[in-house]
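Each remark here refers to the structure printed beneath this line.
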């Protein structure tokens, strides 16, 4: 098994993710692009000592950005995971 810190990169704190945390006990993470649902579940359980009930993943495409005059570049693609926790589990953010 890989290191959990390589799989789970960061906790996403956006308006939508905050509402999911408060209302449905779901947390959003930016994860490694080559990770799968089982690896994400095991990594979150190891890092935060919680019980995960389900994992949903989304592959996000990087935005096309303009660099100078007529040159265009692209931001990196990334993967987002929405992790649902058990009712009596929770992650303390602060």
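Nothing in this text is a laboratory measurement; each read-out follows from the coordinates by a stated rule. Only a predicted model underlies this, so the values are computations on that prediction, with no experimental measurement involved. Cβ atoms come from the backbone with ideal geometry, glycine included; neighbour counts cover every protein chain shown.
Annotations
- FRET efficiency, 1/(1 + (r/R0)^6) with R0 41 Å, evaluated for residue 70 and residue 34 via beta carbons: 0.75
- For the chain, the longest principal axis of the Cα atoms and the long axis of helix 37-48 meet at an angle of about 70 degrees.
- Alpha carbon Rg of segment 4-85, scaled by the compact-globule rule 2.2 N^0.38 Å: 1.27
- Computed label-point distance, nm, for sites residue 5 and residue 49 using a 7 Å Cα→Cβ extension: 1.8
- Using alpha-carbon coordinates, inclination of helix 15-24 to the longest axis of the chain, degrees: 20
- Computed extension gain for residue 91 through residue 24, at 0.36 nm per residue and net of the alpha carbon distance, reaches 22.8 nm.
- Modelled spin-label separation between residue 60 and residue 16, with each label point placed 7 Å from Cα along the Cα-to-Cβ direction: 0.9 nm.
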